[in-house]
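Readers should treat all values here as calculations from the given coordinates under stated rules, not as data from a laboratory. Please read all numbers here as calculations on a predicted model, not as lab measurements. Backbone-built Cβ (ideal geometry, glycine too); neighbour counts: all protein chains shown.
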Amino acid sequence: MERRKPDLLTEFVVSSCSVMPATAVTHPIDVVKVRMQLQNLSPATHCHHPGVLQTARRMVGTEGVASLYKGLNVGLLRAGVYGGLRIGMYAPLKNAIVDPNAQKTTVLQKLLAGGVSGVLAAGITSPLDLIKVRLQAAKDTSKTKLPSGELQSQGRSSWTIVRNIIKHEGLSGFYKGVTPNMARAAVQTAAQLAAYEESKSLVMRVSRSTKENFFVHLAASMITGVVTTTATTPADMVKTRMYVARGNSALHPIWGPLRTAYEVLAEGGLLGLFRGWMANYVRLGPQTAVTFVVLEQLRWVLDLGSV
């Protein structure tokens, strides 16, 4: 029996269903990562920056356990649409790029297909991402007095944030940070999907496996998590800084992506662009593993072929 070729809608639904549970599991780490990226980078101001566990403990101690789940509702909605689009469009785009007579897909073609699908997905879902980050960044001031200069809540619900953006920043405010977001998505999707395919081949060669299985998928996805985290952290750092910029204080002025990157470099050096790398990996490692393992299983059940 010939394996059926999935249409774009099927690819979208299957990809979305694989990304959403991964996002739910790793959401607390995403919140911690955002808080770490928003710490003042100036060595003169802060000699020591808390790590992942210290940041999480501080959040739970001052704002409660619920602070680790800020923005989860918007995060799941964004994950379903964004993940469904960027992974769902990958195979159709790759098939459109590749010569039908070609023996195999080149790494460059995989990177191109992933980059295009990532850019399109990020452009469509950037407003949801911005709202999610604003929710994650907003600190609950009801339990404790925050240090001077820390970002405080301008609304503890999605709709309050939406109203504030429309009122103070206009409709264009929803697309603040869209450039680094699209750049990050292009790098993330290209690196993630191309690295996963290549890692699967590598793992199978090293383990001498004759066919794909759960352990091949798990090992390949963990390797992919390291590659993706390293490739995307600088753009993610710039994107987060731009998302919370409101232009209403010297602490949060509105800059373009290049100026924002320059300021991060000036404050913290090259390592400043990689602030939150560990939190990013703690999130992206398991998220990538869950996403691809679930995706492969769903594709096997529906007889769609492997990624």
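Order these peptides, 199-207, 64-72, 164-172, 78-86, by their mean beta-carbon neighbour count within 10 angstrom, highest first. Please report the intermediate quantities before stating the final value.
Working: 199-207: 15.3, 64-72: 17.9, 164-172: 12.6, 78-86: 23.4.
Ranked by mean Cβ neighbours within 10 Å, highest first: 78-86, 64-72, 199-207, 164-172.
Quick one: length gained pulling ASN73 to LEU218 fully straight, 0.36 nm per residue minus the C-alpha distance? List each step's numbers first, then the result.
Details: separation 145, 0.36 × 145 = 52.20 nm, distance 2.74 nm.
Full-extension gain reported as 49.5 nm.
Find how much the distance from ALA66 to LYS104 grows on full extension, using 0.36 nm per residue of separation minus their present alpha carbon separation; answer in nm with one decimal. Before the final figure, lay out the partial values.
Details: separation 38, 0.36 × 38 = 13.68 nm, distance 4.81 nm.
Length gained between ALA66 and LYS104: 8.9 nm.
Rank-order 13-19, 213-219 by packing density, defined as the average count of other C-beta atoms within 10 Å over each peptide's residues, highest first.
So the peptides 13-19, 213-219, ranked by packing, come out 13-19, 213-219.
Kindly put TRP159, TRP300, TRP255 in sequence by how many other C-beta atoms sit within 10 Å of each C-beta, fewest to most. Write down the numbers at each step before the final one.
Values: TRP159 9, TRP300 12, TRP255 16.
Taking fewest neighbouring Cβ atoms as first place, the list is TRP159, TRP300, TRP255.
Provide the three semi-axes, in whole Å and in decreasing order, of the ellipsoid equivalent to the chain as defined by the square roots of 5 times the Cα gyration tensor eigenvalues. Kindly include the intermediate steps, with their values, before the conclusion.
Numbers: eigenvalues 253, 78, 69 Å².
One finds semi-axes of 36, 20, 19 Å for the chain.
Could you state the angle between the C-alpha long axis of helix 158-168 and the longest principal axis of the C-alpha atoms of the chain, as a value from 0 to 90 degrees rounded to the nearest 10?
60 degrees
Computed over the Cα atoms of segment 156-307, what is the convex hull's projected area averaged over all directions, in nm²?
Result: 11.6 nm².
Strictly over 32 Å apart at the Cα level, which of LYS94/LYS239; LYS33/LYS200; LYS5/LYS176; LYS139/LYS176; LYS110/LYS176; LYS5/LYS200 would you flag in this model? Before the final figure, lay out the partial values.
Numbers: LYS94/LYS239 27 Å; LYS33/LYS200 28 Å; LYS5/LYS176 38 Å; LYS139/LYS176 21 Å; LYS110/LYS176 29 Å; LYS5/LYS200 21 Å.
Too far apart for the 32 Å limit: LYS5/LYS176.
Hey, what did the chain get for relative contact order, percent, Cα under 8 Å, at least 6 apart? Walk me through the numbers on the way to the answer.
Values: 452 pairs, mean separation 79.0, N = 307.
Value for the chain: 26 percent.
What FRET efficiency, computed as 1/(1 + (r/R0)^6) with R0 = 45 Å and r the Cβ-Cβ distance, is obtained for ILE124 and ALA266, rounded to the nearest 0.05? Intermediate results must be reported in sequence, preceding the final value.
On the way: r = 33 Å, r/R0 = 0.73.
Approximately 0.85, to the nearest 0.05.
Taking only Cα atoms, what is the 0 to 90° angle, nearest 10, from helix 72-88's long axis to the longest principal axis of the chain?
30 degrees
If I stretch the segment between LEU9 and TRP300 completely, what's the gain in nm (0.36 nm per residue apart, minus their alpha carbon distance), one decimal?
103.1 nm
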